[in-house]
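> Below is one structure. I have some questions about it.
Each value in this text was obtained by applying a stated rule to the coordinates, not by laboratory testing. Predicted model, so just to flag it, every value in this text is computed and none were measured. Here Cβ is always computed from backbone atoms with ideal geometry, including for glycine, and neighbour counts include all displayed protein chains.
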Amino acid sequence: MPETTLSEQLPAGQTGTPVLEVSDLSAWYGEAQALRNVSLEVRVGEVVTLVGRNGAGKSTTLRSVMGLHRHISGNIRLDGQDITSRTAERRARAGIGWVPDDRGIYASLTVMENLTLPPVVDRDAAWSLERIFEHFPVLHTRRNFPGTKLSGGEQQMLAMARPLRMGAKMLLVDEASEGLAPVIVTQIGDIIREIKKSGVSVLLVEQNVNFASTVADRHYLLAEGEVVESLGNDEFQSRLEELLHHLGM
Amino acid sequence: MGSFIQYTLQGLASGGFYALAALGLAVIFGVLGVVNFSHGSMYMLGAVGTVVALDEFGLSFWASLIVVPLVLFVFGVLLERGLVRWLLKLDPLYNFLLTFGVTLVIVDLVKRRYGSSGMPYDTPAGLRGQIALGGLELPTYQVFAALLSVLVCVAVWVILVKTRVGMIVRAATEEPDRSRALGVNVAMWVTPVFGFGIALAGLAGVLAAPTRSVTADMGTNFIIILFAVVVIGGLGSIFGAVAAGFIVGLVEAFGQAYAPAYAQVLIFVLMAGVLLVKPTGLFGSGEHS
Ligand SMILES: Nc1ncnc2c1ncn2[C@@H]1O[C@H](COP(=O)(O)OP(=O)(O)OP(=O)(O)O)[C@@H](O)[C@H]1O
Ligand SMILES: [Mg+2]
């Protein structure tokens, strides 16, 4: 396996303002350290992925940014504001949108209720229901179905639509493509590009590097709780073979 | 046939007490993650409160039906604000122990003030005697108690399904952490939900007052059966709590009729049976952790 190096340089042409800045984030589960000094940033309208093997700490990073994992040190900023000590609820209200790996659809709520349960946190940025249904027609068809009656792909659509309807500006998406049929993955890709177009930033955890290379601007490679590489998408694509090898696929 | 209907009615009446109280227990568990051990003593306070309201304040049963649950709501709010709230961040076991301690204190205080013997309470005028229904003579009070319990359960159900508060309670019951990560202000509802749950136990107590021997200890047995109800219905399932409440009431009534010595045992046999076939309870999904 080739030696990987921590590269702090960012690819040329990426000079936007950062929305999310994570610096020196370490996280623990009891005594076991899951993250070591993870630093990363996502700029306005950027799609950034976090790739890495199983257990590398991808979900822990997202959960820490969301405020669901609290045993951490380091610093998290949203729009330049330190949010490290804020609760998950306040982070959500500040514009962080949560799309968990289990999709987090409420079984006892209908599709419509799942969409309208979270508060609208930014009136200007929030997608209207019409706009949601235009981009996720299947959610309209199934709007009165209970959450449990949706297929995996439909649940993923709902999970991604929910923070858009809140008006989140920074989406944290954990394994959007996992376990979905190729057609659905393509649709998810289209939606992520659409989200990007509307100026929303996305931090996407992915194991599917091929998919990652079709939607993202930049990538962070995480291994054993550390960021080992930061790559622009061009470099990422040219080193796909090597990366697949690194990820053990 | 006549006795079958009679036992059914009796079962629905006492099942109504379980259903109301279990509903309160379920919403509290759902939103706070607290297994409220003091629920039995709140039921007892409802019944004792009804007797005391009449003896000391001349309050009629009908007034007690409103006033006593309201007083218990306030009591629940104070209990949550004063004690329960401070332990919410810790292991749920702490609040279980806290509410167990609260129970001991409440029961002893009631014993000190009112003694341990039964406090008589007459069936309210207008609900005495029998009512003729479809050629059968049925105890009026039981018909009333069963109907009112069903009505209140349905009303709560409508609130849960049709209102925004209800939606938040359902969502929080499923997964409180996730709701917070979606910016839902669950905290805002914690205190009123706790008070409401306590008020439901109190209402069950008021309804039970004319039918049971009202003593400081009446909640002890009640809470044990209530836990069986919640396990049968599925911990974390609000609908399950209500359904299981009525089921347990029926099992108890038929047990008392045909095998009085085993009436209580039957409930726990039912619980064991349900656990063997479906460990998450009849209506539980086992998702709440
Ligand atoms: N609740 C937990 N308790 C203890 N250790 C945990 C817990 N959750 C995760 N870990 C450990 O922390 C490390 C990082 O886990 P994490 O879930 O963040 O990895 P991941 O990159 O998301 O993996 P996957 O691809 O499997 O989702 C792993 O070693 C894992 O075993
Ligand atoms: Mg993960």
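> If you line up the long axis of helix A:152-166 against the longest principal axis of chain A, both from Cα atoms, how many degrees apart are they, to the nearest 10?
Orientation of helix A:152-166: about 90 degrees from the principal axis.
> Once the principal axes of the Cα atoms of chain B are found, what is the range along each, listed largest first in whole angstroms?
57, 46, 35
> Please compute, for peptide B:169-181, the average count of beta-carbon atoms on other protein chains lying within 10 Å of each residue's beta-carbon.
Working: counts 0, 6, 7, 2, 2, 7, 6, 0, 6, 8, 7, 10, 18.
Partner-chain Cβ atoms within 10 Å, mean over residues of B:169-181: 6.
> Hey, in the GNM for chain A with a 10 angstrom Cα cutoff, which one of A:Asp24, A:Asp124, A:Asp82 fluctuates hardest?
Taking springs between Cα atoms under 10 Å, the residue moving most is A:Asp124.
> Based only on Cα atoms, what Rg/Rh ratio does the protein assembly as shown have, Rh being taken as Kirkwood's radius?
Numbers: Rg = 28.1 Å, Rh = 25.9 Å.
Rg/Rh: 1.08.
> Compute the helix-to-body angle for B:238-258: its Cα long axis versus the longest principal axis of chain B, expressed 0 to 90° and rounded to tens.
Taking the Cα atoms of chain B, the angle to B:238-258 is about 30 degrees.
> Here is a further query. Using the Cα centre of chain A as origin and beta-carbon charges of +1 (Lys, Arg) and -1 (Asp, Glu), tell me which of A:Tyr106, A:Leu25, A:Ile191 is placed farthest towards the positive end of the dipole.
A:Tyr106
> Moving on. Report, for the protein assembly as shown, the % of DSSP beta bridges that are antiparallel, rounded to 5. Don't skip to the answer; put the middle values down first.
Numbers: 28 of 46 bridges.
Rounded to the nearest five, the antiparallel share is 60 percent.
> OK, next. Per-residue ellipticity at 222 nm for chain B, helices alone: DSSP H runs ≥ 4 residues times -39500 (n - 2.57), over residue total, nearest 500 deg cm²/dmol? Working shown, then result.
Values: 11 runs with 206 residues, N = 289.
It lands at -24500 deg cm²/dmol.
> Which residues make up the longest stretch of chain B clear of trypsin sites (Lys or Arg not before Pro) that lie in a DSSP loop with no more than 14 other Cβ atoms within 10 Å, not counting the sites?
Numbers: sites that count: B:Lys89, B:Arg128.
Maximal segment without exposed cleavage sites: B:129-289.
> Across chain A, where is the longest run that never hits GluC sites (Glu not before Pro) in a DSSP loop with at most 10 other C-beta atoms within 10 Å? Walk me through the numbers before you get to the answer.
Numbers: sites that count: A:Glu3, A:Glu8, A:Glu31.
In chain A, the maximal stretch lacking such sites is A:32-249.
> If one computes P(r) from the Cα atoms of the range A:18-246, what percent of pairs lie at distances over 21 Å?
The answer is 53 percent, as a whole percent.
> While we're here: For the range A:18-246, give me the percentage of DSSP beta bridges that are antiparallel, rounded to the nearest 5 percent.
55
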